Amino acid sequence: MTLDNTPSAPTGEDPELVSLYEDLLDVDLYPLWTITRDLLTPSPRPRSVPWLWSAQVLAELAERALRLIPVERGGERRVLSLGNPGLGGLPYAAGTLWGAIQCLGPGETAPAHRHSPGAIRFILSGDGVATTVDGDVCDMHPGDLILTPSWNWHDHSSASDGPMLWFDGLDLPMIEALDAVFFEPYPDFRQPDTEPHNRSEATAGPGPRYVPGSVRDVLTDAHSPLLVYRWPDTDKELSRLAAESGEAMVSLEYVNPDTGASVLPTLSCGMHRLTPGGRTLPVRRTGNSVFVVYQGSGTSVIDGRRFDWSAGDMFVVPSWAAAEHASGEGADLFSIGDSPVLRALGIYRELPLDTAQQVTGVFVPAQLQRTETR
Ligand code: 1HN
């Protein structure tokens, strides 16, 4: 069998050397000087590629699945996962991120369970579904962000006469890479529908629920006590930022109101508003991202590949890909990313480029960025 790390150094005629390589292989030891695969690349080489799934294709196939596939124990969810073609058949949007469209029909319940991977939902269309998160019934409306943090019981129940569609984002591939996946079904099919609903919105602290740009530091193992971020609040904050910015794109990150940290220890969630006619400069960032177009249309160039998008499309920006975004009519883009993990581990980097994708900025290590902003 030939493996990537089969010794390839010339063994020559020296019988002692020949037997050294044979003996090493026999006991599962690989000498570093013979390993031919790139272990230390000058910059990240994610296996995932820039890719886009169109809303029309997603909605059409979700609708067919809705007619044909019931939601039951075992499968648990009617979910179509974004499978990045660079990942050789894995059902992952990027190396560290799960992205998917989920569809729930009128009167259906997706059964209660919990797992160590954390998840978020961003609602695309429909109404009348609630996700119950550890007993708190969270009503879902388009544009809302709902958290189902690690190891929180959750189920989805529809009291609607139409289907509802939302985006699911999970850190599942990251938790799998860390060999830390746990899963447990809830004893009953669903959790009780307790009143009042949306308790986390009433009980969460008074701190800000959004920050401009993105969270720069803070890692705790706590998730946000606030489980729902409503679209009218997000919209208002985006408008406020846009009014005072003058930039082609304003971004905010949803944060834990108690700590200012990203909503989950493993996942960041953001919204980005491109002004009409706006065009950003390209930038590289470590960490994978999945974008969901909430409204409007535009174009992104990701490592030289151009993607035209409109409402409901989903696309992936792999780690360190040069990404720039532009919009004629204006647009709102939701995103998830693994940046909290990279920042906590001191390996987050950002590199602004000019329009010709030449380096204009000097790389500033995360540690320095933090001291500057404190
Ligand atoms: C999950 O629990 C949900 O709760 C959605 O809606 C997608 C993908 C993989 C593993 C668990 C949900 C999921 C998932």
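Highest first, please rank the peptides 137-143, 85-91, 258-264 by the mean number of other Cβ atoms sitting within 10 Å of their residues. All intermediate terms of the calculation are to be shown ahead of the outcome.
Working: 137-143: 19.3, 85-91: 13.1, 258-264: 21.6.
Descending mean neighbour count gives 258-264, 137-143, 85-91.
Across the accessible surface of region 47-143, with the other protein chains kept in place and a 1.4 Å probe, carbon and sulfur atoms take up 58 percent. Amide H contacts of TRP151 (H built 1.01 Å from N, in plane; Pro and chain starts excluded): HIS115, SER116 sit under 5 Å, all sequence-distant by 5 or more or on other chains.
Restricting the calculation to Cα atoms, region 120-262 shows an Rg/Rh of 0.98 when the hydrodynamic-style radius is the Kirkwood one.
Per-residue ellipticity at 222 nm computed for the chain from its helices equals -5000 deg cm²/dmol, with DSSP H segments shorter than 4 residues left out and the rest contributing -39,500 (n - 2.57).
Of the solvent-accessible surface of region 240-313, computed with a 1.4 Å probe and all protein chains present, 46% belongs to carbon and sulfur. A simple count of charges around HIS272, restricted to other residues whose Cβ falls under 11 Å of its Cβ and scoring Lys, Arg +1 and Asp, Glu -1, yields -2.
Shape class for region 24-63, computed from the alpha carbon gyration tensor (a ≥ b ≥ c): oblate, with a/c not under 1.5 and a/b at or below b/c.
Assuming R0 = 51 Å, can you tell me the calculated FRET efficiency for the pair SER239 and ARG37, based on Cβ-Cβ distance, to the nearest 0.05? All intermediate terms of the calculation are to be shown ahead of the outcome.
On the way: r = 49 Å, r/R0 = 0.97.
E(calc), rounded to 0.05, equals 0.55.
Derived scalar couplings between HN and Hα for region 286-300 equal 6, x, 8, 9, 10, 10, 10, 6, 7, 8, x, 8, x, 9, 10 Hz in order, rounded to whole Hz, by the Karplus curve 6.51 cos²θ - 1.76 cosθ + 1.60 (θ = phi - 60°), x for Gly and Pro. Quarter the surface of the alpha carbon convex hull of the chain and you get the mean projected area, 22.7 square nanometres. Taking square-rooted eigenvalues a ≥ b ≥ c of the alpha carbon gyration tensor, is region 92-179 rounded, prolate or oblate, where a/c under 1.5 means rounded and, failing that, a/b exceeding b/c means prolate? Here region 92-179 falls in the prolate category. Database remark: amide H of ARG349 closer than 5 angstrom to the amide H of THR286 (H placed geometrically; neighbours at sequence offset of 5 or more, or on other chains; Pro and chain starts carry no H). Relative to the longest principal axis of the Cα atoms of the chain, helix 231-245 runs at roughly 70 degrees.
Here region 303-342 and region 179-207 have alpha carbon centers that stand 30 Å from each other. With protein chains left intact and a 1.4 Å probe, residues in the chain average 47 Å² of accessible area per residue. Normalised by the residues of the chain, what does the relative contact order come to in percent, with Cα pairs under 8 Å and at least six apart? Once divided by the residue count of the chain, the mean separation gives 15 percent.
The values are calculated or read from the model by the stated rules, or taken from the named source; none is laboratory data. Keep in mind it's a predicted model, so treat the numbers as computed, not measured. Here Cβ is always computed from backbone atoms with ideal geometry, including for glycine, and neighbour counts include all displayed protein chains. Accessible surface is based on the protein model in full, side chains and every heavy atom, while ligands, DNA and RNA are left aside. Shrake-Rupley method; radii C 1.70, N 1.55, O 1.52, S 1.80 Å.
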